[in-house]
Amino acid sequence: MELRICDHLEKNGYAVLERNFTGKFGEIDIIATDGKYICFVEVKYRKDLRTGFPEEAVGIRKIRRICKTAAYYLSTHRQYASLQMRFDVASILGDKLSYYENAFDYII
């Protein structure tokens with residue numbers, strides 16, 4: 001699924017920097033740049049709606065982990081320090097892809 005999202009991002013002008021980045025606080029599925037933004041992308045997939053929409057699986061605990069990992073990434077990749085952080089969610093339900101820019105704010 002992540003390859004499909006990477007293709008979607010690249011077709012829309014993003015530059016994919018990393019896939020499955022793992023830091024000491026957790027993992028970020030995709031890290032990409034989009035103009036003045038560094039985007040930390042969480043990818044969620046569901047075959048059907050039995051357990052809800054994929055994007056609903058991004059809860060507060062997951063958001064905190066992503067934010068901590070994003071801060072760690074930027075501390076170890078100083079070349080991106082001038083970019084603004086953005087947190088996006090890519091949702092795949094069956095074959096339908098939805099992409100939510102700025103899906104949540106940075107929290108600790």
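Helical runs (DSSP H, four residues minimum) scored at -39500 (n - 2.57) apiece and divided by the length of the chain put the mean residue ellipticity at 222 nm at -8000 deg cm²/dmol.
Averaging the sequence gap over all C-alpha pairs within less than 8 Å and six or more residues apart, then dividing by the number of residues, gives the chain a relative contact order of 26 percent. Net charge in the neighbourhood of Asn20 (other residues with Cβ under 11 Å of its Cβ; Lys, Arg +1, Asp, Glu -1) is -3. Rounded to the nearest 10 degrees, the angle from helix 60-76 to the longest Cα principal axis of the chain is 30 degrees. Counting Lys and Arg as +1 and Asp and Glu as -1 over every other residue whose Cβ lies under 12 Å from the Cβ of Thr69, the net charge comes to +1. Spatially, segment 1-43 and segment 77-93 are offset by 7 Å when compared through their Cα centroids.
Cross-linked pairs Lys11/Lys68; Lys24/Lys62; Lys24/Lys96; Lys36/Lys96; Lys24/Lys47; Lys62/Lys96: Cα-Cα separations exceed 26 Å for Lys11/Lys68; Lys24/Lys96; Lys36/Lys96; Lys24/Lys47. In the list (i) 13.3, 43; (ii) 18.9, 64; (iii) 21.9, 73, the label attached to Rg and Dmax of the Cα atoms in Å as derived from the coordinates here is (i). Between Arg4 and Thr76, the simple spin-label model (points 7 angstrom out along Cα→Cβ) gives 2.9 nm. Shown is the FRET efficiency for Ser98 and Leu17, computed with R0 = 25 Å from the Cβ-Cβ distance and rounded to the nearest 0.05: 0.65. Charge tally for Ile108 (other residues, Cβ to Cβ under 12 Å; Lys, Arg +1; Asp, Glu -1): +2.
Here, each number is a calculation from the coordinates, and none is a lab measurement. All of these numbers come straight from a predicted model, not from anything done at the bench. Quick reminder, even Gly has a Cβ in these numbers, built from the backbone with ideal geometry, and neighbours come from all protein chains shown.
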